[in-house]
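Participant: Shown below is the structure under consideration.
The values are calculated or read from the model by the stated rules, or taken from the named source; none is laboratory data. If you're wondering where the values come from, they're calculated on a predicted model, not measured in any experiment. We place every Cβ from the backbone using ideal geometry, glycine too, and count neighbours over all the protein chains shown. For accessibility, only protein heavy atoms count, side chains too; no ligands or nucleic acids. Shrake-Rupley method; radii C 1.70, N 1.55, O 1.52, S 1.80 Å.
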Amino acid sequence: MAGYFITLEGGEGAGKSTALGTIREWLQAQGKDFVLTREPGGTPPAERIRELLLDPDTGELAPLTELLLMFAARNENLERVIRPALAAGKIVISDRFTDASMAYQGAGRGLGRDPVERLTDLVHSDLLPDLTLLLDVPVEIGLKRISTRSEGPDRFEQTRPEFLERVRQGYLEQARRDPQRFAIIDAKAGLESVGEAIRTVLEERLK
Ligand code: TMP
């Protein structure tokens, strides 16, 4: 039996952690067998690539270097976690995936679609998410949310509002290109209604 691949996306401060909790509780309540992973990361070597990418001490990277590192980590996650779990018939939830590369490196860093599409072809031409939940929130609201966190900002959270606006538009463009796969969740709403919207989508797609 083929599994089911869900990805969760959104800009900074969109509320992904809360949304992940909602998804996890819903799947547990349904008795579904699932695997949770994240990008960049998901395996020990990929988590080391994540540290390099998120650490402010890394400083600036050429945008293509950043993209290649994202895909290097992704290939590990795919080979070791995502593909085996899907082959075993499980549901896989990835906290970010290739749409994040299109939004952050393609749109945000200005690389455009072409290098992201070429790497997508190389690394996972055969595999796309079945469902992508996009938590959409205006940049100023997201920035306000992350400003209240206790830990300091990572390399991406340090970026300017103009960058984050390009990221947001990059995600929305991805959703326009693939409306069947995407469910856009209005994440500026309160926690309760965001949770409700996520549960509704899961019920429609997975029951
Ligand atoms: P997060 O755990 O808060 O989602 O942090 C991961 C960061 O990495 C986030 O700022 C988005 C960024 N990112 C990219 O720029 N490109 C990618 O392909 C992925 C997966 C993440």
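Participant: Relative contact order for segment 71-178: what is it in percent, counting Cα pairs under 8 Å that are at least 6 residues apart?
Facilitator: 38 percent
Participant: Still on this model: Output ³J(HN,Hα) for segment 170-184: one whole-Hz value per residue in order, computed from phi by the Karplus curve 6.51 cos²θ - 1.76 cosθ + 1.60 with θ = phi - 60°, and x for Gly and Pro.
Facilitator: x, 5, 5, 5, 4, 5, 5, 6, 9, x, 5, 7, 8, 10, 8
Participant: Can you compute 3J(HN,Hα) from phi for each residue in segment 162-169, using the Karplus curve 6.51 cos²θ - 1.76 cosθ + 1.60 with θ = phi - 60°, rounded to whole Hz and x for Gly and Pro?
Facilitator: Rounded to whole hertz, the list is 5, 4, 5, 5, 5, 4, 4, 5.
Participant: Considering Cα pairs under 8 angstrom that are at least six residues apart, work out the relative contact order of segment 1-92 and quote it in whole percent.
Facilitator: Once normalised by length, the contact order is 49 percent.
Participant: Still on this structure, please answer the following. As a test, work out the antiparallel percent of DSSP beta bridges whose residues both lie in the chain, rounded to the nearest 5.
Facilitator: Approximately 0 percent, going by the DSSP bridge assignments.
Participant: Name the shape class, rounded, prolate or oblate, that the alpha-carbon gyration tensor gives for segment 13-54, where a ≥ b ≥ c are the square roots of its eigenvalues, rounded holds for a/c under 1.5, and otherwise prolate holds if a/b is larger than b/c and oblate otherwise.
Facilitator: Oblate.
Participant: When you count, for each residue, the other Cβ atoms within 10 Å and take the mean per peptide, how do 89-98, 118-127 rank with the highest first?
Facilitator: 89-98, 118-127
Participant: Got a number for carbon plus sulfur as a percent of segment 37-185's accessible area, 1.4 Å probe?
Facilitator: Of all accessible area on segment 37-185, carbon and sulfur atoms account for 52 percent.
Participant: Sort 57-64, 11-18 by the packing proxy (mean of other Cβ within 10 Å over each peptide's residues), most packed first.
Facilitator: Result, highest mean first: 11-18, 57-64.
Participant: Run the helix sum for the chain: -39,500 (n - 2.57) per DSSP H stretch of 4+ residues, divided by residue count, reported at 222 nm to the nearest 500 deg cm²/dmol.
Facilitator: -15000 deg cm²/dmol
Participant: Can you work out the PRE-style zone for Arg145? Point 7 Å along Cα to Cβ, and I want the residues of segment 18-35 with backbone N under 19 Å.
Facilitator: 18-26
Participant: Separate question: Please calculate how many Å² of accessible area the chain carries per residue, with a 1.4 Å probe and no DNA, RNA or ligand atoms counted.
Facilitator: 49 Å²
Participant: Oh, and also: Contact order normalised by length for the chain, with contacts defined as Cα pairs under 8 Å and 6 or more residues apart; what percent is it?
Facilitator: Relative contact order here is 34 percent.
Participant: So, in nm, how far is label Leu172 from label Arg80 when the simple model puts each one 7 Å beyond its Cα toward the Cβ?
Facilitator: 3.8 nm
Participant: What ³J(HN,Hα) values, in whole Hz, does the Karplus curve 6.51 cos²θ - 1.76 cosθ + 1.60 give for segment 90-98 when θ = phi - 60°, with x put for Gly and Pro?
Facilitator: Those phi angles translate into 8, 8, 10, 10, 10, 6, 6, 7, 5 Hz.
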